[in-house]
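The values are calculated or read from the model by the stated rules, or taken from the named source; none is laboratory data. Because the structure is a prediction, the values reported are computed rather than measured. Cβ: placed from backbone, ideal geometry, glycine included. Neighbour counts: every protein chain shown. Just so you know, the surface numbers come from the protein's heavy atoms only, side chains and all, with ligands and any DNA or RNA stripped out. Shrake-Rupley method; radii C 1.70, N 1.55, O 1.52, S 1.80 Å.
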Amino acid sequence: MAGDLNITEYLVVTGNRTRGLAAAPSSEIPFLHRYGERVLIGQAPAPHASRARTFDPVADELPESLLAELNPTERLGLEALRHRARPDYVRTKQHRTREGQPWNMEGCQDAAERGRSRARGDAPQAGAPTSAYLEGSVAVGLIIVEGPTAALQFSAQERTKVVAEVQNGLTWLASMNPSAGISFTYDIRIVSLSIQPDPAAPDLEGHWRNPAMASLGYHASWTGVVQYVEAIRQQFATQWTYCAFFTKYPLVHFGYASIGGPRLVMDYNNDGWGPDNIDRVFAHETGHIFGCPDEYASSGCNCAGSWGRFGRPNTNCENCAPNGGIACLMKANTWAMCDPTRAHLGWAETMGDMRNPVLIQSRFGGKGNFELAVPAVSSGVAVTWRNNDNPSMPWAPMGGFGQALGKVEAISLIQSNFGSPGNLELIARVGQQLHFMWRDSGPAFRWSAPTSMFGGARGNPVLIQSRFGTKGNFELVVPAATGGGLLFSYRNNDNPSLPWSAPLRFGQTLGTVDEVTCIQSNFGWPGNLELIARVGQQLHFMWRDSGPAFQWHGPFLLFTIPAAAPTSPAPDDGAEEGLMSGRDRELEIPVGV
């Protein structure tokens, strides 16, 4: 994990060109960042692919023979990832300067428009939008523009720093919506100019930008910028494209962008924010590229307008939102994403397809962090956590795992007593198949590869750790896909091999069960299992004794929801501990009327 991103990443280096081995196609290996033909970076778990070598960027040393084979773009991408894994980089990110402060970047989205209007011969080319919304594949041109003096040049370390900060910022941005399938493919250019700086130039950007575009073989104007981003879009066959200029030449503002693209501009020194905050400034400016307005007060924002893919107003503007709005990247120096910005990026529709979120309070931290997991729309599981020891109670950037499973339909999550303070344990349903995964208690905090369990499931699985056995068994209940009723399995945690029992079917008289929930109560010893099953609009109760029979009792109809009015009770045949005796009656009640 790099810096203050709670995201585990892997590095893949594909086949060796010099030995006649073709690079593995990108369709074979999921990636978040691609540099050249050979260097891919993604979120864990790392995939298996032929003609590729997978590395842990923290633990693995890369052989010099491999590094020598990489082209400059590939090596910069790799070195950037290694730079982000360094302990000093991690410490710096975890103790950022000006953390949480409003951007106060006067004109960061309109300075670009003023600069463009002053440029001579800068007629933008009409055509397909370069960056309408942030989903799918994106070509990113990184152009580092140097001048003739030492003050205008970049050291090798500074070039790596630029690429690392961009990588960090875009990793976070993509992690905010794993279901969007976002990937970035880079074209990195180092441009050295003989142009002297001129702080009095009528167009500070055009003074160096136009010669830079000419040196790359494009028109020496704004038109050349459009030509360049379209060229890399075609080269990499991506859906979207934009470019970013990094320079030490004088600028109108230290960071700014065009709403909707095609370029953003940044001063390497990053004004008072410093190079260590480039990642967040870059992510903020990329928000402008994909349609987001500023949300901090000094930008002059208001809560009106029509922004982004869905034409949403800027309702988190600090000048008019209740209590000044909530934390968000477009407002301040923070890793936080608010709902208005999600909509402006074009994510409102896709995020709505996510299914059963599961929230628990864990034993991590003094107070106990919140742990949240939810099936991602495209593949795997998305996870985040809230640091409840921090007075501001920040949520971590959303990460993802289990992408190899494909589309996950439903999940269940608990914290067990394995490890200290306790591993996270998760059941995921993919189609009719159940899979088990777990995450260690640290220091790696890595999710295991999925283990296939049994099929024939539907609806949501429910996992608990009970008081059966010395260690406490895992108890699993899930609706059956066919044949009616539910399936039950348990894991014997006292057995070193941790075996799961074969699934037992029960409650067939219920018919097809849609959803279920289950607990262990203090009835019986060490405690009966208690279960509610939803069948259509009906809720039914069942329970299993603590032994020696371990039999399931019921089902007993509880409620029908919704109903227009109370109806006559149905007869029942008795239940556990007198909770529903022959004199108790089920009652169908109206809900939400």
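Of note:
- Cα-based shape type of the range 475-560, given that a ≥ b ≥ c are square roots of the gyration tensor eigenvalues and the cut on a/c is 1.5: oblate
- Difference of contour (0.36 nm per residue) and Cα-Cα distance, Ala449 to His95: 124.2 nm
- Potential lengthening between Trp438 and Arg467 on full extension [0.36 nm per residue; Cα-Cα distance subtracted]: 8.5 nm
- Taken per residue, the accessible surface of the range 313-462 reaches 39 Å², heavy atoms only and a 1.4 Å probe.
- Taking all Cα pairs closer than 8 Å and separated by 6 or more residues, the relative contact order of the range 260-332 comes to 25 percent.
- In sequence order, the range 414-421 has phi-based couplings of 9, 10, 9, 9, 7, x, 9, x Hz under the Karplus curve 6.51 cos²θ - 1.76 cosθ + 1.60, θ = phi - 60°, and Gly or Pro positions carry x.
- Within the range 180-212, backbone nitrogen closer than 11 Å to the virtual label 7 Å beyond the Cα of Val252 toward Cβ: 203-206
- Cα centroid separation - the range 186-226 against the range 293-362, whole Å: 34 Å
- By accessible area, using a 1.4 Å probe on protein heavy atoms only, the range 369-483 has 56% of its surface on carbon and sulfur.
- Percentage relative contact order, the range 203-252, counting C-alpha pairs under 8 Å, at least six apart: 32 percent
- In nm, spacing of pseudo-spin labels at Thr517 and Ser306 (7 Å Cα→C-beta vector): 4.3 nm
- Summary of packing: across the peptides 445-455, 331-341, 538-548, 235-245, the per-residue average of other C-beta atoms within 10 Å ranks them, highest first, as 331-341, 235-245, 538-548, 445-455.
- Shape of the range 429-537, Cα gyration tensor, a/c cut at 1.5: oblate
- Applying the Karplus relation 6.51 cos²θ - 1.76 cosθ + 1.60 with θ = phi - 60° to the range 465-482 yields 3J(HN,Hα) values of 9, 9, 9, 6, x, 6, 6, x, 6, 8, 10, 10, 10, 8, x, 7, 6, 9 Hz, where x marks Gly and Pro.
- The range 389-419 and the range 426-443 have their alpha-carbon centroids 10 Å apart.
- Using C-alpha pairs under 8 Å with a sequence gap of at least 6, the mean separation divided by the residue count of the range 243-387 gives a relative contact order of 14 percent.
- In terms of its C-alpha gyration tensor, the range 369-472 has an oblate overall shape, because the principal axis ratio a/c (a ≥ b ≥ c, square roots of the eigenvalues) is not below 1.5 and a/b does not outweigh b/c.
- Apportionment of accessible area to carbon and sulfur, the range 255-307, percent (1.4 Å): 47 percent
- Solvent-accessible area of the range 187-253 (1.4 angstrom probe, protein heavy atoms only): carbon and sulfur portion equals 53 percent.
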